Amino acid sequence: MAVTPGQPRIERFILVYALAWAGGAIAYTPFLTLLLPERIADLLGPARAVDWLSGIAFCGAVAASAAHIAFGYASDITRNRRGWIAAGLVLSSAVLAIFPAVSGFWPTIGVVVLWQCGLNMMLAPLAALAGDVVPDARKGLLGGALSFAPALGAASGALVTWPGLAASDARPAVVAGLVVACLVPVLLIRLPRPPGGQPDAATGAGQADAEARGRNRKVVVRMWLARLSLQIAEAALFAFLYLWFRAIDPSLGASGTAIVFGAVLVVSTPVALAVGRWADRHGRPLAPLSACAAVSAVGLAAMALSRGTVPAIAAYGLFGVASSVFLALHSAQTLRILPRPDRRGRDLGFFNLTNTTPSLVMPALALALVPTFGFAGLFATLAGLAALAAVLVPRIRA
């Protein structure tokens, strides 16, 4: 492939952007999965902590959904993505630093809601920034680079809770420091102009005819529904993976489950990079999404049928790698199909609902299926959703 004049600069930006995206994962992964539950359990004890965490998680999800749309739209209007990113970084980091001093149910909810507002003030314009800068021909590489974020988010949780590294009350501040280190480069780097320039924001929505806009809306809706379908399966596995492994093999334990989960994240990263580059070279941006969703469905079906430790780990590995690649590439390729460059931040906020809604849907789905049909029934249903995602992904060429 020939190297265009702006390509090295674009690829440098993608590396810096991937670090910033990983910083976003570091901002929320250890806090939501480790530091917040630990703090609540220390204050109340494990029995009462479940009720508190459920209420806090619900309020946080609602705040995150609204804030992502609002601040994405604000960055569209002001055309100043990095100003909003910096403001969100300051706010979310400050809230993390003061979190250990907060106690009580309503004060804790208030702090978490404020933190979600700051976090999404940072993440919403950050997501749109990639669409402003990275050309369609490099969206596959971008998606592969984004796959580093979940692994680094999980690794940051292990780092900040490492025995002797930091006292419990200092851990949120350590997380904030890591996030700042990851985000500052993208705030300082000189932004490249992709080949051909960007569509004019003032006229980008009005130049296509009605038929083309209608086709594009259908593509957007199908991409939204495809991600939602697979994200429901991803959310269910995130919540119930340990319980399922424990039911199959009690000796596996939390440590063994964490090792399997981490190994899947590590393997998925080079796979996503390779698949993303393939999509760029062959001009088939969405074909890998259909394939990954189909493989995810096969993995979930195999999980429903698994009866031993090794088959269960292999089946989850198949699902975990395929779904991780799907989600990373989908995040990048969504930037390709959004209809209005001047409202990219707002529209990505609506796509972000596919990340928050499954946390509200999944508990009801599990309660309806697991008591009667066991985990096999749940995984069979999720396999159907993954297969639906494979069908929903549109067939387009670059």
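Details
- Reported to the nearest whole Å, the Cα centre-to-centre distance from segment 253-314 to segment 369-385 is 19.
- Rounded to whole numbers, the Karplus 3J(HN,Hα) couplings from phi for segment 373-386 are 10, x, 5, 4, x, 5, 5, 5, 5, 5, 4, x, 5, 5 Hz, using 6.51 cos²θ - 1.76 cosθ + 1.60 with θ = phi - 60°, and x at Gly and Pro.
- The reciprocal of the average 1/r between distinct C-alpha atoms defines the Kirkwood hydrodynamic radius, which for segment 1-192 equals 17.4 Å.
- Theoretical gain in end-to-end length, Arg307 to Trp162 [0.36 nm per residue, Cα-Cα removed]: 48.8 nm
- Estimated vicinal HN-Hα couplings, Hz - segment 180-193 in sequence order (Karplus 6.51, -1.76, 1.60; Gly, Pro = x): 4, 4, 6, 8, 4, x, 6, 7, 9, 5, 6, 6, x, 9
- With θ taken as phi - 60° and the Karplus curve 6.51 cos²θ - 1.76 cosθ + 1.60 applied, the whole-hertz 3J(HN,Hα) list for segment 10-23 is 4, 5, 5, 4, 4, 5, 5, 5, 4, 5, 5, 5, 5, x Hz, x standing for glycine and proline.
- In segment 1-192, a dipole from Cβ-located charges (positive for Lys and Arg, negative for Asp and Glu) runs towards its positive end, and of Leu89, Leu44, Cys117 it is Leu89 whose Cα lies farthest in that direction.
- Charged-residue dipole, Cβ positions (Lys, Arg, Asp, Glu), the chain about Cα centre, Debye nearest 20: 1100 debye
- 222 nm mean residue ellipticity, helices alone, for the chain (DSSP H n ≥ 4; -39,500 (n - 2.57); rounded to 500): -28000 deg cm²/dmol
- Here the residues Val186, Val102, ranked from fewest to most Cβ neighbours within 10 Å of their Cβ, fall in the order Val102, Val186.
- Between the listed residues Ala302, Ala386, Leu15, the Cα displaced farthest toward the positive end of the dipole of the chain, a dipole computed from Cβ unit charges relative to the Cα centre, is found at Leu15.
Readers should treat all values here as calculations from the given coordinates under stated rules, not as data from a laboratory. Here the structure is a predicted model, which is why all the values come from computation and not from measurement. Neighbour counts are summed over all protein chains in view; Cβ atoms, including those assigned to glycine, are modelled from backbone coordinates with ideal geometry.
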